[in-house]
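This structure is in structure tokens; I'll ask about it shortly.
The values are calculated or read from the model by the stated rules, or taken from the named source; none is laboratory data. As the structure is a computational prediction, the values presented were derived from the model and not from experiment. Quick reminder, even Gly has a Cβ in these numbers, built from the backbone with ideal geometry, and neighbours come from all protein chains shown.
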Amino acid sequence: MRHIVLLVCLVVLTTFGPRANAAPLKPGALNKAPRLIIMLVIDQLRGDALTRHYSRLLPPGTLKRPGGLRYLMSHGAHFPQAEHDTLHGMTGPGHATIATGAWPYRHGIVLNGWRSRRTGQYRYCVADKATTAIGSRGKGRNVSPKTLLGTTIGDAIKGGAPGQKVVSIAIKDRAAVLMGGYRADLALWLEPQSHRWISSSYYLPKGHLPSWVERLNKSAETHHPQAGKWRPLGASDGRSSTAPDGGLGQGSATVNSVWGPWGDSLTARAALGAINHMKLGQTRGTDLLAVSLSAHDIVGHRHGHNAREMEEMLVSADRTIAAILRAVAKRVPGGMRDVVVVLTGDHGAPPAQSYLKAHRLPHGEIARQDMARLLEGAVTKKYGPSPLGRWLTGYSKFEYFISRSALAKSKVRLSDIERVVAQTLRKHPSIEWVFTRSQALDGRWPPGLFGVQAARGWHPRRSGDVIAIPRAFVIQKRDEVSHFTGYSHDRTVPLLFVGRHVRPGVYPKVVKTVDIAPTLAFLVGVVPPSVSEGRVLGEMLSDGSH
């Protein structure tokens with residue numbers, strides 16, 4: 001009987017498993033690699049955004065004159081439900097996962113920043129004190145990819161042959177750095193105060209920006225838009241909430257800010273500058289252009305995904321992507337036939353708290369300082385005051401860090417503090433599950449999907465000592481919108497591939513964002529990044545060029 005059950009399971013897996021529709025390509029199909037890979041990320045792009053506002057998007061266009069998002073949807077493989085299936089849906093972990101093909105427990109970017117257990121000091125996810133900001137007019141952050149514990153798809157492409165170029169561009173520095181990886185020829189991000197594109201001495205050891213970037217900066221300073229009303233790019237499709245009486249972007253300073261449509265425009269100009277001046281896709285080998293549209297996320301935090309402002313930001317992103325693709329179609333020999341494009345989001349987002357309340361949906365807020373005082377008080381009540389004033393050095397997104405220095409000066413064990421903190425958190429009505437460092441090291445993960453995501457998102461040197469998983473739609477107080485969980489609204493993003501050997505269509509499969517880098521590596525003909533653990537999306541591949 002056991003043998004029959006095993007045989008049935010084997011048949012089911014081979015028939016309906018992830019590679020069931022993956023027919024082999026013809027011999028020699030991959031002998032000619034694409035000239036250019038374009039990796040596009042829209043920050044906070046929910047899985048339903050493209051279909052929700054489809055009617056507002058540009059027409060698909062053609063290979064010679066491609067449109068924007070509808071071009072990708074019509075000419076490419078569209079997976080509406082791709083997942084960042086891990087503990088935290090955030091910018092840093094999301095971009096790192098896309099670029100490395102690994103989950104955070106391997107690439108190490110578990111949060112946008114974490115706390116030192118010894119000092120409580122916040123450590124930004126790409127901070128590097130050994131570097132300096134290049135081109136900054138203020139106090140640009142010192143950053144590099146050195147906290148990334150593996151290589152990226154750009155690094156893999158650079159290792160394939162000499163002369164291949166990698167460029168990464170985003171308003172957010174962590175997005176640009178984590179997409180660019182260790183060997184990028186240029187990584188650019190925006191200094192919001194000065195509206196200048198800047199970089200790091202890690203990428204530019206000679207200490208100055210390329211001349212074409214300086215010209216971009218001068219142009220941005222000269223043509224900075226004046227304050228005024230944020231005017232929509234067309235009539236609404238009726239699928240967004242009504243804009244405030246005062247107009248779009250009220251109270252968010254996005255009209256003349258880089259954190260709005262103008263930010264997309266600046267990003268497009270930088271991408272076009274890289275294509276033109278660095279001859280991306282116009283020489284031998286395969287180049288990579290990685291672009292993340294960061295402004296979309298900031299507007300989402302302020303207004304919520306179902307606001308009219310987010311509808312307009314998607315329209316703005318659509319125009320930006322069309323401008324990039326049209327430039328590539330003209331510049332790259334062979335046009336779009338010699339280009340592979342992938343588009344996804346780094347995470348999703350829940351509805352705004354005001355929306356949840358108005359529609360009587362589950363919601364909740366936890367005050368960070370109140371929770372910290374509650375936990376510190378519980379430990380103090382059990383073991384007395386900390387010899388250094390605090391038992392907990394800090395917290396980040398419901399991850400709590402215990403002071404090793406305080407433990408060294410007391411007779412209390414780490415596991416004792418963990419137990420008290422965990423017990424206190426479990427009593428809170430807005431907390432769904434709690435696990436500790438000791439449990440993680442012993443492999444005692446939470447049940448079901450919580451456990452799968454926890455194992456993928458926890459790192460022993462960077463994650464908290466006690467991690468709380470809040471109930472769905474519970475966020476930190478004073479945030480209108482916040483994304484940091486593994487629930488479907490935070491983890492689900494669209495994924496689209498366009499290019500040679502990609503069979504167009506909508507694929508009703510749940511795929512993972514760790515599959516992006518190994519699939520690109522397969523199409524280019526290089527070994528995947530060092531810590532990659534995803535699979536090649538063979539079900540979308542076929543012979544011929546689409």
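Would you confirm, using the coordinates I've provided, whether residue 418 is charged (D, E, K, R) and crowded, with 20+ Cβ neighbours inside 10 Å?
Yes, satisfied.
While we're here: Out of everything in region 241-262 that is in contact with a helix residue (DSSP H, G or I) (Cβ under 6 Å, 6 or more places away or on another chain) and not in a loop (DSSP other than H, G, I, E, B), what residue ends up being modelled with the highest pLDDT?
261
Would you be able to tell me the number of residues in region 114-140 that are modelled with pLDDT of 95 or more, surrounded by fewer than 23 Cβ atoms within 10 Å (Cβ to Cβ) and in a loop (DSSP other than H, G, I, E, B)?
7
Now a separate question. Which one of 111, 87 is within 19 Å of residue 511 (Cα to Cα) and either modelled with pLDDT of 95 or more or crowded, with 24+ Cβ neighbours inside 10 Å (or both)?
It is 87.
Would you be able to tell me the number of residues in region 275-308 that are modelled with pLDDT of 95 or more and on the phi > 0 side of the Ramachandran plot?
Residues in region 275-308 being modelled with pLDDT of 95 or more and on the phi > 0 side of the Ramachandran plot: 2 in total.
Can you tell me which residue is farthest from residue 408 (Cα to Cα) among those in region 367-395 that are aliphatic (A, V, I, L, M) and buried (at least 18 other Cβ atoms within 10 Å of the Cβ)?
Checked region 367-395; the qualifying residue farthest from residue 408 (Cα to Cα) is 371.
Which condition number in (1) touching a residue at least 24 places away in the same chain (Cβ under 8 Å); (2) of a type in the set (Phe, Trp, Tyr); (3) in contact with a strand residue (DSSP E or B) (Cβ under 9 Å, 6 or more places away or on another chain); (4) more than 21 Å from residue 124 (Cα to Cα) is the one that residue 383 fails?
(3)
Is it the case that region 394-408 has a residue that's within 20 Å of residue 382 (Cα to Cα), in a loop (DSSP other than H, G, I, E, B) and without any contact (Cβ under 8 Å) to a residue 40 or more places away in the chain?
Within region 394-408 (the criterion being within 20 Å of residue 382 (Cα to Cα), in a loop (DSSP other than H, G, I, E, B) and without any contact (Cβ under 8 Å) to a residue 40 or more places away in the chain), the answer is no, since none of the residues qualifies.
Which ranges mark the helices (runs of 4 or more DSSP H) fully within region 34-107 that have 3 or more residues being touching a Pro at 6+ places or on another chain (Cβ under 9 Å), under 29 Å from residue 260 (Cβ atoms) and touching a residue at least 12 places away in the same chain (Cβ under 8 Å)?
49-52, 69-75, 91-100
Go through region 486-514 residue by residue and tally those that are of a type in the set (Ser, Thr, Tyr) and in contact with a Leu (Cβ under 8 Å, 6 or more places away or on another chain).
Residues meeting the conditions: 1.
Right, next: So, in region 424-433, of the ones that are of a type in the set (A, V, I, L, M, F, W, C) and in a strand (DSSP E or B), which residue ends up farthest from residue 461 (Cα to Cα)?
Selected residue: 431.
Determine whether region 255-275 contains at least one residue that is touching an Asp or Glu at 6+ places or on another chain (Cβ under 6 Å), more than 22 Å from residue 48 (Cβ to Cβ) and not charged (D, E, K, R).
No, every residue in region 255-275 fails to be touching an Asp or Glu at 6+ places or on another chain (Cβ under 6 Å), more than 22 Å from residue 48 (Cβ to Cβ) and not charged (D, E, K, R).
Follow-up. What residue, among those in region 324-360 that are more than 18 Å from residue 497 (Cα to Cα) and within 22 Å of the chain's Cα centre (by Cα), is surrounded by the fewest Cβ atoms within 10 Å (Cβ to Cβ)?
Among residues in region 324-360 that are more than 18 Å from residue 497 (Cα to Cα) and within 22 Å of the chain's Cα centre (by Cα), the one surrounded by the fewest Cβ atoms within 10 Å (Cβ to Cβ) is 351.
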